[in-house]
Amino acid sequence: MTTAILVHLGLGSNLGNRLDFLNQACRELAALPLQNFRVSAIYESEPLLKMPQPNYYNLVVCGLTKLSPFELMEKCQQIENRLGRVRKERWGSRIIDLDILSYGNEIINTEKLKIPHPEMEKRSFVLLPLSELSPDWVHPESGTGIRMLWEKWTQTIDEEHPKPLKLKNHSN
């Protein structure tokens, strides 16, 4: 019998009704084989590289799954497609974005899938909600804990911290 693996997913939206898209995605993710599904607070953050686009709403979810990493990626892409995601440009505006941040302690480096997410250590809008859900999480490649990753980010990156919104995620 396959053991359930703890996974973390990053969600983001900066087009349309951002809160509604995040809530819809969370409802669909909670309906997957994800036990003990939990959702972080929602954070508002500026676009990467100060690109001229609307601010993002971001959150992180986690849960236990028996889906393989590639099955999970496929389910995430199906959710994005159902919600109307169009892939035009890298780091462009989007209705919804679902990224697998971690899959247990696994390290996967293929053309289609990279886990842990290769940019997560540079993204405050991932580190902050991830630390909220899993304060003892450790990066499987570097062995660095989430608290140390956040501390390093605050000392080396000169960007505004994401702001937690007073909104409640109504998907749970």
* Asked: In region 13-40, what residues are free of Cβ contacts under 8 Å to residues at least 60 places away in the same chain and under 16 Å from residue 65 (Cα atoms)?
  -> 28, 31, 32, 33, 34, 35, 36
* To do: Could you list all residues from region 137-157 that are modelled with pLDDT of 95 or more, of a type in the set (Val, Ile, Thr) and part of a loop (DSSP other than H, G, I, E, B)?
  => 144
* If you check residue 6 against the conditions, is it closer than 19 Å to residue 132 by Cβ, out of contact with any Pro (no Cβ under 8 Å at 6 or more places or on another chain), assigned to a helix (DSSP H, G or I) and of a type outside the set (Asp, Glu)? -> no
* Asked: Quick one: what pairs do we get from region 50-73, first residue over 13 Å from residue 96 (Cα atoms), second hydroxyl-bearing (Ser, Thr, Tyr) and surrounded by fewer than 14 Cβ atoms within 10 Å (Cβ to Cβ), C-beta under 6 Å, 6+ apart or different chains?
  -> 66/2
* **Single condition residue 84 does not satisfy, out of (1) part of a helix (DSSP H, G or I); (2) out of contact with any Leu (no Cβ under 7 Å at 6 or more places or on another chain)** => (1)
* Structure fact -> Counting only residues in region 122-136 that are of a type outside the set (Gly, Ala, Ser) and assigned to a loop (DSSP other than H, G, I, E, B), the one farthest from residue 46 (Cα to Cα) is identified as 136
* Asked: Does region 53-62 contain any residue that is part of a helix (DSSP H, G or I) and under 19 Å from residue 164 (Cβ atoms)?
  -> no
* Does residue 67 satisfy the criteria of being surrounded by fewer than 21 Cβ atoms within 10 Å (Cβ to Cβ) and hydrophobic (A, V, I, L, M, F, W, C)? -> yes
* Structure fact -> Output for Cβ contacts, cut-off 7 Å, separation at least six or different chains, first residue in contact (Cβ under 8 Å) with a residue 12 or more places away in the chain in region 134-153, second of a type in the set (Asp, Glu) and surrounded by fewer than 17 Cβ atoms within 10 Å (Cβ to Cβ), reads 140/106
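The values are calculated or read from the model by the stated rules, or taken from the named source; none is laboratory data. Since the structure is predicted, the reported quantities are computational estimates derived from the model, not experimental observations. Neighbour counts run over all protein chains shown; Cβ positions are idealised from the backbone, glycine included.
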